[in-house]
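Everything below concerns the one structure shown next.
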Amino acid sequence: MKLTGRRIYQGKTEGEALVTKDSISFYGGVDPETGIVVEKGHELEGVDTTDKILVFPTGKGSTVGSYVIYQMAKTGKGPKALILQECEAIVAVGCIIGEIPCVDQIDTSQITTGSKVIIDAGAGVVEVE
Amino acid sequence: MELTNEEQDMAAGKYGKATQKAMEILVTLGDIYGAKRMIDITSVQIAGVSYANLNEPGLEWLADMAVDGKVRVFTTLNPAGMDLEEWKKLAISEDFAENQHRVVEAFGKMGVITTCSCTPYLYGNLPHYGQHIAWSESSAVCYANSVLGARTNREGGPSALSAALVGKTPEYGFHLDENRQPSVKVEVKTKVEGTFQFGALGKVLGDRLGKKISYITGIPKASVEELKSFCASYATYGGVALFHMEGITPDRVETIPSETIEVNEDDLKGAMADLDEDTEIDFISLGCPHASLAELEYIAKQLEGKKTNPQKEVWVTTARPTKQIADRMGFTKMIEDSGAKVAADTCCVVAPIKGRFHGLASDSAKMCYYGSGRNKFSVKLMSVDECIEEALK
């Protein structure tokens, strides 16, 4: 299945999808040293996002979250690409400075956790196997 | 977004790598929020200065940008994690101090004025009505939009730095007339007085209305200090960047909203009760947002000739230029002779003090929020006079 959205930051990669219906606050909600979601009551609480294609509705919380995304990108923790319904400034800036492929305006309900995803963020294209 | 020739050159890297990265950030944000063009800005204020928030990778990113990046407009910084000169007096570790200095040096290399304060409007980064700016400290954004009538979105650290390097910001959000109109009217039916009560009012409105733009009536007068406390609290609890206060906000309102809520004495008391935990106070924080000269003078005169309880740590946080004049006027000495500390460049929200104290007293509702969430202290919101009484007890 091929889904088309909008490029936030370019790059091609592939990996396993990790999908949540909850929005994500990277500052305080994800541990930058491990890539594990730590927000209390979050659908992904305790789940490691490292090397996953993280699929979620939108970002929220403090703008320091951009630096958390950057820190994970530089240390090899956290997701290798992001797919969102609606990207906002915190996630967009984090992806640009961390150079993580990112696409939004995707119907994320079409993707399930564990499925293989190929992403060409520059073209805004997401292929789900 | 339509870019001018110069902007296209910046995006293509003809003005260096940092400017190219900055354009990439600004153009992406402009696309996300539907901006049609970039607009000139007159000043920038950058948050994300404390090493406690940036950590090593954040610092590396700034150092990368500083290789060839230079700001094109007047730019100042938010508080750092320590007093840049007298950090030892605040018991900051050598390691932290060294890293914090590297952060400030990176900004300085880019031409940023490294006065670290959340109240830039008190010492020369003062926009006037209608000017477009790119600020990031949430309380200052709220003050600039609502009290000064300047226009800014709530920028993050990297987007504010990008705006500084390019001298422009994408035109969306609060830069446009149509996004600055109120949608709910607030009738304040009780007397609100003092920084702590204005902070409590900010919490009431933030909790109840979130980001809705409010039109507030029933505040016949408010000092700069009360307004900065209100802005800090309202932005913290509601995430707001703009409100209209009748008689204060210079923006013209086209239609006063028909949806109306009332705030009475019980609402205000409820907010204060939420910030009144049963605890032994061992830390007293004044100067959130950064104390004005008038506040330093008042605190100095209350503490003159007295001694604070040595079991209690008292910080009065302010901007460096304010402290320098307070030094000259003898206010700093009056405060420090009592055992309290005047700390410039930093604040209790961003300093690395987690675990050092248990019970916090402050006249700032914003400080109470971060004291309890980020630093796990029990908190008490009090008037300035009650904070001073607590310090002396």
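Pairs exceeding 30 Å between alpha-carbon atoms, taken from A:Lys40/A:Lys74; A:Lys52/B:Lys376; A:Lys21/A:Lys116; B:Lys341/B:Lys366: A:Lys52/B:Lys376.
Here the label points at B:Ser223 and B:Leu176, each 7 Å from Cα along the C-beta direction, are separated by 4.0 nm in the simple model. The radius of gyration of the Cα set in chain A, together with its Dmax, comes out at 12.7, 35 angstrom.
For the protein assembly as shown, the Cys residues with no second cysteine's beta carbon closer than 4.7 Å are A:Cys87, B:Cys116, B:Cys118, B:Cys288, B:Cys347, B:Cys348, B:Cys368, B:Cys387. Loop-located trypsin sites (Lys or Arg not before Pro) in the stretch B:16-57 (DSSP state other than H, G, I, E, B) with a sparse environment of at most 14 neighbouring Cβ atoms within 10 Å: B:Lys36, B:Arg37. Counting heavy atoms of the protein chains alone, B:Asp363 has an accessible area of about 10 Å² for a 1.4 Å probe.
Just to make sure I understand: if all protein chains stay in place, what is the order of B:His175, B:His101 by accessible area at 1.4 Å, largest first? Display every interim value, and only then the final one.
Working: B:His175 5, B:His101 60 Å².
From most accessible down to least: B:His101, B:His175.
Assuming R0 = 35 Å, what is the FRET efficiency of B:Glu389 and B:Arg102, from their Cβ-Cβ distance, to the nearest 0.05? With a Förster radius of 35 Å, E is 0.30.
Take the Cβ-Cβ distance between B:Glu193 and B:Lys354 as r, set R0 to 30 Å, and report the resulting FRET efficiency rounded to the nearest 0.05. Don't jump to the answer; show the numbers that get you there.
On the way: r = 33 Å, r/R0 = 1.09.
The value I calculate is 0.35.
Using the Cα coordinates of chain B, the gyration tensor eigenvalues translate into equivalent-ellipsoid semi-axes of 34, 28, 16 Å, sorted from longest to shortest.
Normalised by the residues of the stretch B:231-315, what does the relative contact order come to in percent, with Cα pairs under 8 Å and at least six apart?
Working: 21 pairs, mean separation 26.6, N = 85.
Taking the mean separation of contacting Cα pairs over the length of the stretch B:231-315, I get 31 percent.
Counting, for every residue in B:147-157, the Cβ atoms of other protein chains within 10 Å of its Cβ and taking the mean gives 2. The helix-based estimate of mean residue ellipticity at 222 nm for chain B, built from -39,500 (n - 2.57) per DSSP H run of four or more residues and divided by its residue count, is -12000 deg cm²/dmol to the nearest 500. Accessible surface for chain B, divided over its residues, is 39 Å² per residue with a 1.4 Å probe. Sorted from greatest to least, the principal axis extents spanned by the alpha carbons of the stretch B:87-221 come out as 51, 38, 25 Å.
Using only protein heavy atoms and a 1.4 Å probe, how much accessible area in total is buried between A and B, to the nearest 100 Å²? Numbers along the way, then the final one.
Details: alone 6020 and 16040 Å², together 20330 Å².
Approximately 1700 Å² gets buried when A meets B.
Taking other residues whose beta carbon is less than 10 angstrom from the beta carbon of B:Leu84, and scoring Lys, Arg as +1 and Asp, Glu as -1, yields -3. The A:Thr113 and A:Val38 beta-carbon pair, evaluated with R₀ = 30 Å, returns a calculated FRET efficiency of approximately 0.95. Within the full protein context, the accessible area of B:Glu60 is estimated at about 90 Å² for a probe radius of 1.4 Å. P(r) tail for the stretch A:14-89, what percent of Cα pairs lie past 18 Å? Counting pairs separated by more than 18 Å, the tail of P(r) holds 28 percent.
When you restrict to C-alpha pairs under 8 Å that are six or more residues apart and normalise by the size of chain B, the relative contact order lands at 17 percent.
Just reorder B:His132, B:His358, A:His42 by solvent-accessible area, largest first, 1.4 Å probe, all chains present. Kindly include the intermediate steps, with their values, before the conclusion.
On the way: B:His132 45, B:His358 130, A:His42 10 Å².
Largest accessible area first, the list is B:His358, B:His132, A:His42.
Rolling a 1.4 angstrom probe over the protein assembly as shown with all protein chains present gives an accessible area of which 47% lies on carbon and sulfur atoms. Bridgeable lysines around B:Lys168 (alpha carbons under 22 Å apart, same-chain partners fewer than 8 residues away excluded): B:Lys14, B:Lys17, B:Lys21, B:Lys36, B:Lys70, B:Lys109. Compute the long axis of helix A:65-75 from its Cα atoms, compare it with the longest principal axis of the Cα atoms of chain A, and write down the angle in degrees, 0 to 90, nearest 10. In chain A, helix A:65-75 runs at an angle near 80 degrees to the longest axis. Between A:Val64, A:Val91, A:Val30, the Gaussian network model of chain A with springs among Cα atoms under 10 angstrom shows the greatest mean-square fluctuation at A:Val64.
For the stretch B:238-393, the alpha-carbon radius of gyration amounts to 1.17 times the rule-of-thumb value 2.2 N^0.38 Å expected for a compact globular protein. Per residue, the accessible area of the stretch A:2-128 comes to 39 Å² when a 1.4 Å probe rolls over the protein heavy atoms.
When each of the peptides B:306-315, B:109-118 is scored by the mean number of other C-beta atoms lying within 10 Å of its residues, the order from highest to lowest reads B:109-118, B:306-315. Of the residues B:Phe196, B:Phe74, the one with the largest accessible area comes first in the ranking B:Phe74, B:Phe196, computed with a 1.4 Å probe on protein heavy atoms. Angle of helix A:89-98 to the longest C-alpha principal axis of chain A, folded into 0 to 90 degrees and rounded to 10: 80°. Peptide A:86-98 has a mean shielding of 5, counted as Cβ atoms of other protein chains within 10 Å of each residue's Cβ. Contact residues in the stretch B:55-74 (at least 30 Å² less accessible area with all protein chains than alone, 1.4 Å probe): B:Pro57, B:Trp61.
Neighbours of B:Gly270 by Cβ distance under 13 Å: Lys/Arg scored +1, Asp/Glu scored -1, total -3. Convex hull volume of the C-alpha atoms in the protein assembly as shown, normalised per residue: 142 Å³. Inter-chain Cβ neighbour count for B:354-362, averaged per residue, equals 0 (cutoff 10 Å, partner chain atoms only).
The values are calculated or read from the model by the stated rules, or taken from the named source; none is laboratory data. Computed from a prediction, not measured in an experiment: that's the story for all the values here. Cβ sites come from the backbone with ideal geometry, for glycine too, and all protein chains shown count toward neighbours. These area figures cover heavy atoms from the full protein model, side chains too; ligands, DNA and RNA do not enter into them. Shrake-Rupley method; radii C 1.70, N 1.55, O 1.52, S 1.80 Å.
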